[in-house]
Each structure stands twice: as structure tokens, then as C-alpha cells.
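What follows is a short report on a single structure.
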Amino acid sequence: MPIHDFNAQRLFVDHDLSAGCRIECPSAQVNYLINVLRLKPGDPIFVFNGRDGEWRCLVCDVAKRRCVLEAETCVRPQELNQTLHYFFAPLKKGRLDYMVQKAVELGVSHLHPVLTQRTVADRVKLDRMRANAIEAAEQCGILSLPNILEPIKFGPLIDSWQEELPLVFCDELARVENPIEALKTVPPGPLGVFVGPEGGFSTDERQRLLDAPFAHPISLGPRIMRADTAAIAALTIVNTVLGDWRSKSDC
């Protein structure tokens, strides 16, 4: 596991990064850097943009409503992440915030809200999701941000599925009770994971998934979980068997 300096302050910037480039921070970040972190000219901070790695920058210009950073040196090159799509029925605000943060920490590369028959929250604030993804990446030493997609209904999602992408979905009635055993039939590589709403997939939705050649049901055990808890459990199991936690001898 990579070692990061978690005492160092990290900041996401929407700006290309290269040696000597200057970054003029937007007003919200100016307030954070000057009034919260109390940075002064010459102070260092680490920045990343999800594309160019992590850079050590120096504060070089500070005013009441202005803060400019200058990139000094690249301290970590951009990492090549696994391709892990996470499909989920939208949750209410607080639980959705939590789920997005945990999904980012667990290496998800794409976040796909899916409107199912039993979805409770049918409105998704993509900007809020992105803000939570950025916060998780800043706090946990993550260099990449997930792609956040527009919500799609369950039917069109399955109709347009690219069959070369395996889809692991959580199924309370999965025939194979041990999820690790069930995942042994899934080929390694890009992958999708789908957790339904808190009421579960409808009978019709479950049958469509069971009939799909690309779909692989897994059980999360005998306990009933809330959807945000199920997200952590499912992504942890998938990472263990098929993701970037698997044994090198299995690769």
C-alpha cells in the first residue's frame, strides 16, 4: 500500500499542472487557503487535478480575495487506476454523500445513478456528488476522480449494455451463497458493480438481470443492509477478488 503524508494539505485544482505554472484559485479556495489554513507567501501545499499527478506548489501571491500558487515539482506521477463502474439507485442526501465518499475511497472510476422501480430519491445533484468525490480524494491521497454520469432509468441501462463489461449485482437470493466463490466465474478487467435501492430490485428487474449473459449475482450474506452499507460491502468483496487488492499470484 502506498504511503502518503496525511499531515500535508492537499487541494484539487481544475487547472493543467506543469513545472512553473501559476494557478489562480477561485474564491472558495482562496477563503480556505487564507482564512482556514492561514497560508502565507512561501508556504507549500500539494495539488492534483486528476490528470497530471500530484505537485508541490508554493503560495506566491496573497491578497484579501486572491491567492496564486506556483507549481514547483511533481511528487507523484498520475497513477493508472482500475476501471470500476459503480451503479446505484440514488439515496437521500446524507446517505448519498457518504456513499459517494466511500466509493471514491474504494477506487471507483465511474459513478452511475440508476432510477429503478423502487428508487426513493429520484433527483440527483451531480455537482454535490462531485464535491463529495473531491473531498474524499483530497483527504485520502487519491489522485483520480471518478466520472460522474447523468441518471439513467434501469430499462434503458440494460438495453444499451455493452456485453463485454461484466456486471456484478447484489442479489439476496443468489444461488451461490459465498460471494467469493461466485466471483471466481467473473473475468478480471473492467467491471461494473450494481447495488439496488433499499427496497431491493423489483421482481421484473431482478429477472432481467438474471437473464442477462453479462450479469453475475452475488450474495452479501444473511444480514439486511442499507444501500450505502451494501455499497461498501460489495465494493470491498469485488476489490478483494477481482480488483487491485487481489493476490499477485491470482493475476
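The values are calculated or read from the model by the stated rules, or taken from the named source; none is laboratory data. Computed from a predicted model, the values in this text were never measured in an experiment. Counting neighbours? That spans all protein chains shown, and the Cβs are built from the backbone with ideal geometry, glycine included. Side chains included, ligands, DNA and RNA excluded: accessible areas come from the protein's heavy atoms. Shrake-Rupley method; radii C 1.70, N 1.55, O 1.52, S 1.80 Å.
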The stretch 113-135 residues that are free of Cβ contacts under 8 Å to residues at least 12 places away in the same chain, paired with ones that are buried (at least 16 other Cβ atoms within 10 Å of the Cβ) (beta carbon under 7 Å, 6 or more apart): none
Evaluation of ILE142 against (1) out of contact with any helix residue (DSSP H, G or I) (no Cβ under 8 Å at 6 or more places or on another chain); (2) surrounded by 17 or more Cβ atoms within 10 Å (Cβ to Cβ); (3) under 19 Å from LEU80 (Cα atoms) (one fails), failing number: (1)
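How many residues does the stretch 104-147 hold that are among the β-branched types (Val, Ile, Thr) and more than 19 Å from GLY196 (Cα to Cα)? Quick ask: steps written out before the conclusion?
If we filter the stretch 104-147 for residues that are among the β-branched types (Val, Ile, Thr), which is where we start, we get 104, 108, 114, 116, 119-120, 124, 134, 142.
From the residues that got through so far, the ones that are more than 19 Å from GLY196 (Cα to Cα) too are 134, 142.
Matching residues across the stretch 104-147 total 2.
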Filtered residues of the stretch 22-32 (kept if outside any loop (DSSP other than H, G, I, E, B), open to solvent by less than 50 Å² (accessible area, probe 1.4 Å) and touching a residue at least 40 places away in the same chain (Cβ under 8 Å)): ILE23
Test: residue in the stretch 191-201 that is without any contact (Cβ under 8 Å) to a residue 60 or more places away in the chain and open to solvent by 40 Å² or more (accessible area, probe 1.4 Å): no
Residues of the stretch 33-77 classified as in a helix (DSSP H, G or I) and open to solvent by less than 40 Å² (accessible area, probe 1.4 Å), total: 2
Number of the condition not met by PHE88 [criteria: (1) free of Cβ contacts under 8 Å to residues at least 24 places away in the same chain; (2) open to solvent by less than 30 Å² (accessible area, probe 1.4 Å)]: (1)
Residues of the stretch 113-129 satisfying the condition of being surrounded by 16 or more Cβ atoms within 10 Å (Cβ to Cβ) and in a helix (DSSP H, G or I): MET129
Search result, residues across the stretch 35-70 that are touching an Asp or Glu at 6+ places or on another chain (Cβ under 6 Å), free of Cβ contacts under 8 Å to residues at least 40 places away in the same chain and of a type in the set (A, V, I, L, M): LEU58, VAL59
Index of the failed condition, SER18 passing every other in (1) in a strand (DSSP E or B); (2) modelled with pLDDT of 95 or more; (3) over 22 Å from ARG130 (Cα atoms): (1)
